[in-house]
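For reference, the structure discussed in these notes is given below.
The values are calculated or read from the model by the stated rules, or taken from the named source; none is laboratory data. Keep in mind the model is a prediction, meaning the values are calculated, not measured. Cβ atoms come from the backbone with ideal geometry, glycine included; neighbour counts cover every protein chain shown. We work out accessible area using only protein heavy atoms, side chains counted, and drop any ligands, DNA or RNA first. Shrake-Rupley method; radii C 1.70, N 1.55, O 1.52, S 1.80 Å.
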Amino acid sequence: MIDATTRLLIPEAERGAGTIVVVGSINVDLIAHVRRHPLPGETLHGSGGQMLPGGKGANQAVAAARLGGSVHMIGAVGTDPQAAVGRSGLQAAGVGLEGVREVEGPTGLAIVTVAEDGENSIVVIAGANAAVDAAQVTAAREAIGAAAIVVAQGEIPREGIEALPALVTGRFLHNPAPVMELDPAVLLASDPLVVNEHEAALVLAQLDPGASAAERSPEQTAEALRATGIASVVLTLGAQGALVADADGLHAVPAARVTAVDTTGAGDAFIGALAVGLARGDALPVAARLASQVGAFAATGHGAQPSYPQAGQALPPLSEESA
Ligand code: ADP
C-alpha cells in the first residue's frame, strides 16, 4: 500500500533544473569468474562468489551521483540480508533513498558470469523489483515532475514504466533493457532512447512490425528508430563507441581505447554519465562523449558499481580516429 508517508519528498532547495530521478531496479550481483562461459548442461570451475550492489537502476543512479549529479532513486528492496548490500552503493554515493521501499521477500538478484575475455552473461531474478508498480511510481509524482532528467530501464514491471510519461516534465532518458513489450507511447516519449544494437532491433520490431528484418548498419538502425517518431536516440556500440541521432542528424561518438577486463555495468555507467551531462544542460552529442569516456572507464574495472569513476578522476581520452 502506498500512502502519503511513502511519497518521495525532495527538499525545495534541490528541486528544478539538475535533479535526476532514477526509477528502476536494485539488485545484488553474485559474481562468478570463469575462463569461458559454460555450454548448456556443462559444469565449470569458477572463482569469485562476491555479492556486490547492482541492478541497472541502482548502477545508473550510482554512476550519476559519483559524477556529482543530484540523484534520487525510486525502487524497492526485500526484507532479506541482501537488502543492505543492494542499498550500500547508493548510500555511499549519496543517492536519495526516500523513494526506496522495503517489501516482504527477497531483494533482486543477478547471477553474473564473467569470462576471461571480459564478456558476461547474466540471469536476473526480479525479487522486490517486481513491486515497483504504477502505484509506487505515481506516489512519487512530485519528485518525477520536478526532475530535469528521469531515467528508467526494463527491470521493473511494465506498468511502472508506463506510468512515467504522464508524470515526466523534463527529459525521459529511457533505456529499455532488457526489452519487454511496452505501450508504444512510452517508447515514443523517450528523449533519448538509449539502446545497444540487440535492443535496438527488438524496439524497432515493436514500433514498426512491418519493417524488414534485413541487416542494418548502426547508422541505418539509429535513423530507423528516429524515423518512428522518437525525438532522440543513442545507439551504444561497445568498443566502437556510440551513435547519436537527433533533430540535427547523426553524430558519431568515438570510444576510448582501453583494455576491457569486465564490461559488466559499462552500459549503465554510460547512461548515468549521460544523465549528468543532460542535467547540467549539455547537448546530447556532448553528453554522449562524457558517457563514452565513463563507459570505457567502467570496462577497465571489475564489477559494475565498484568500477565507476568519481568526479574529478581522470577519464580515458576518446580515440577521435575511431569515430
Ligand atoms: P551494453 O553493455 O549495454 O551492451 P555497450 O557494451 O554498448 O553497452 O557499452 C556502453 C558504452 O560503454 C559504449 O557505447 C562505449 O562508449 C563504452 N564501452 C563499453 N565497452 C567498451 C570497451 N571495451 N572499450 C571502450 N568503450 C567501451
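Observations on the model:
- A single member of 276, 286 is buried (at least 20 other Cβ atoms within 10 Å of the Cβ) and away from the ligand (no atom under 11 Å from the Cβ), and it is 276.
- Answer residue from segment 1-44, given it is basic (Lys, Arg) and modelled with pLDDT of 50 or more and is most open to solvent (accessible area, probe 1.4 Å) among those: 35
- Restricting attention to segment 205-222 and to residues that are of a type in the set (A, V, I, L, M, F, W, C) and over 19 Å from the mean Cα position of the chain (by Cα), the residue that is surrounded by the fewest Cβ atoms within 10 Å (Cβ to Cβ) turns out to be 214.
- Taking the criterion of being of a type outside the set (A, V, I, L, M) and open to solvent by 50 Å² or more (accessible area, probe 1.4 Å), the residues of segment 231-250 that qualify are 238, 240, 248.
- Restricting attention to segment 112-161, the residues that are among the hydroxyl-bearing types (Ser, Thr, Tyr) and touching a strand residue (DSSP E or B) at 6+ places or on another chain (Cβ under 9 Å) add up to 2.
- Residue ID - nearest to residue 50 (Cα to Cα), chosen from residues in segment 270-284 that are more than 18 Å from the chain's Cα centre (by Cα) and in contact (Cβ under 8 Å) with a residue 12 or more places away in the chain: 280
- Scanning segment 45-67 for residues being open to solvent by 30 Å² or more (accessible area, probe 1.4 Å) and either acidic (Asp, Glu) or more than 11 Å from the chain's Cα centre (by Cα) (or both) gives a total of 10.
- Selection of segment 240-270 for residues being within 6 Å of the ligand (Cβ to nearest atom) and outside any helix (DSSP H, G or I) yields 241, 242, 255, 256, 258, 260, 263.
- Within segment 89-119, the residues that satisfy the criterion of being within 15 Å of residue 307 (Cα to Cα) and out of contact with any Ser or Thr (no Cβ under 9 Å at 6 or more places or on another chain) are 89, 90, 92, 93.
- Residues being more than 13 Å from the ligand (Cβ to nearest atom) and polar (S, T, N, Q) are represented in segment 200-209 by at least one member.
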